[in-house]
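J.: Got a structure for you, written out below as structure tokens; questions coming shortly.
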Amino acid sequence: MVTLALALTFGVALVLTALLTPPLIRLSKREGWVAQPGPRHVHRIATPTVGGLAMIAGFAIALLASFAFEQLDPVLQRTSAERIRLGLLLAGLSVVACVSLIDDLRNLPAGRRLVLHIVAALIAVGPYLWDQTLYPDAMGQATEARGIILTAFNFPFLQQIHLHNLSPWLAIGATVFWIVGMQNMVNWTDGLDGLAGGITLIAGVILALHTLSLEPPQYTVAFLPLALAGACAGFLPFNLHPARTFMGDVGAMSLGYILGVSAIIGGAKLATALLVMGLPLIDMAWLILSRTVRGDSAARAGRDHLHHRLLDLGLSQRQVVMIYYTLSTVFGVIALLAIPASAKLVALLCLGLIVLGMMHYAIRRSAVEA
């Protein structure tokens with residue numbers, strides 16, 4: 001029954017997203033919600049650009065449907081704290097989706113977008129903003145916060161870093177930074193057909209497997225990344241090259257928000273998320289650094305992402321996307337292995353060297369050809 005419930009959550013999100021995407025494509029064409037070709041883009045024809053709405057709907061409905069599955073087995077019963085967290089997630093997601101949809105259609109200023117994304121992250125933090133008490137969990141240990149909050153995390157060579165004990169406001173700041181950072185990381189990855197959706201699908205599956213591998217397994221927490229993965233799986237057939245629709249900021253920012261929360265909720269799984277998202281993370285860090293050194297705005301759009309540079313080397317969109325999928329999968333599997341945290345840190349460093357090596361080679365080739 002537990003396996004059936006988990007599979008149904010993934011399946012409901014997949015089917016609903018797949019069913020909702022075609023009519024959304026037709027609506028976008030009729031209303032003119034399309035991304036026009038341009039020098040910063042790789043597509044050659046006007047393409048519907050708010051397909052992420054279908055993923056949000058598929059995810060949300062599947063997550064709500066999972067409450068009905070609680071009757072199948074006692075281990076699927078959510079605690080009151082879990083119900084609060086899911087309510088906060090959906091409330092914050094609504095803000096992110098609305099802001100990003102307006103941005104897709106009308107281009108909001110970057111500063112205003114950032115402020116509203118921070119507000120959405122604070123909504124996820126929820127009651128912890130004013131009630132910073134940790135309550136007993138099922139094992140009787142004081143670990144349960146009233147909200148989605150990064151209270152502690154493990155770091156190689158150090159004992160657990162307990163942000164709540166250092167300062168509840170430090171925990172709040174770290175949570176907001178993580179969620180907003182994950183939103184922008186996924187959004188920056190959304191530059192090629194199927195890239196952001198596929199990496200998020202891999203991340204969702206890996207996070208779900210991690211959650212289910214814990215002792216005891218966190219079955220109710222696994223519903224969240226599985227619904228996310230299902231929504232991505234339902235959307236990808238329409239988004240792989242040549243894309244029939246794009247997810248837009250409304251899709252990318254929403255996926256990043258859900259992914260960021262998924263890595264926190266039910267116990268911090270930051271190392272797992274960082275390994276799966278390591279390639280776009282390193283690319284984002286490199287871009288911020290290189291643009292800052294050149295005196296450019298880190299927030300501006302451009303064609304200096306790693307995936308653009310690989311395209312300029314002559315690789316096809318599908319080849320570049322497969323490179324990203326492969327590296328994300330390999331390092332996601334490493335995250336699931338029962339190896340010391342220090343070994344996972346070494347793996348992340350190796351991934352960094354691989355990415356920087358590709359970046360260095362692509363830049364040198366571009367300079368030579370110029």
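J.: In the neighborhood of residue 52, defined by Cβ-to-Cβ distances under 11 Å, what is the net charge if each Lys or Arg adds +1 and each Asp or Glu adds -1? Let's see the in-between values first.
T.: Details: positive: none; negative: 104, 190, 249.
Value of the local net charge: -3.
J.: Taking 8 Å as the Cα distance limit and 6 or more residues as the minimum spacing, I'd like the relative contact order of the chain as a percentage.
T.: Details: 565 pairs, mean separation 80.3, N = 370.
Relative contact order of the chain: 22 percent.
J.: What accessible area per residue comes out for the chain, rounded to a whole number of Å², with a 1.4 Å probe?
T.: Values: 16370 Å² over 370 residues.
Value for the chain: 44 Å² per residue.
J.: Working from Cα positions, state the angle (0 to 90°, nearest 10) between the long axis of helix 248-262 and the longest principal axis of the chain.
T.: 30 degrees
J.: Local charge sum around residue 247 (other residues, Cβ-Cβ under 11 Å, Lys/Arg +1, Asp/Glu -1)?
T.: Numbers: positive: none; negative: 104, 190, 193, 249.
Residues near residue 247 contribute -4 overall.
J.: Restricting to DSSP H runs of at least four residues, report the calculated mean residue ellipticity at 222 nm for the chain, -39500 (n - 2.57) per run over all residues, nearest 500 deg cm²/dmol.
T.: Rounded to the nearest 500, the figure is -22500 deg cm²/dmol.
J.: Got a sec to turn the phi values of the stretch 167-183 into Karplus ³J(HN,Hα) couplings, 6.51 cos²θ - 1.76 cosθ + 1.60 with θ = phi - 60°, whole Hz, x for Gly and Pro?
T.: Result, rounded to whole Hz: 5, x, 6, 5, 5, 5, x, 5, 5, 4, 4, 5, 5, 5, x, 5, 4.
J.: Skipping prolines and chain starts, which residues have an amide H placed within reach, meaning under 5 Å, of the one on residue 144, given they are 5 or more residues away or on another chain?
T.: Sorted by chain and number, the residues that satisfy this are 135, 137.
J.: Further question on the same structure: Expressed as an acute angle from 0 to 90° and rounded to the nearest 10, what is the orientation of the C-alpha long axis of helix 195-213 relative to the principal long axis of the chain?
T.: So the helix axis and the longest Cα principal axis differ by about 20 degrees.
J.: Below 12 angstrom from the Cβ of residue 102, what's the summed charge of the other residues (Lys, Arg +1; Asp, Glu -1)? Mind dumping the intermediate values first?
T.: Values: positive: 106, 112, 113; negative: 103, 104, 249.
Surrounding charge for residue 102 is 0.
J.: Using a 1.4 Å probe on the protein chains only, how many percent of the accessible area of the stretch 248-292 belongs to carbon and sulfur? Provide the component values of the computation, followed by the final result.
T.: On the way: 750 of 930 Å².
Using a 1.4 Å probe with all protein chains present, the stretch 248-292 comes out at 80 percent carbon and sulfur.
J.: Just the accessible area for residue 144, please: 1.4 Å probe, Å², rounded to the nearest 10?
T.: For residue 144, the solvent-accessible surface is approximately 40 Å².
The values are calculated or read from the model by the stated rules, or taken from the named source; none is laboratory data. The structure displayed is predicted, hence computed values, not measured ones. Glycine gets a Cβ as well: all are built from the backbone with ideal geometry, and neighbour counts include every protein chain shown. Just so you know, the surface numbers come from the protein's heavy atoms only, side chains and all, with ligands and any DNA or RNA stripped out. Shrake-Rupley method; radii C 1.70, N 1.55, O 1.52, S 1.80 Å.
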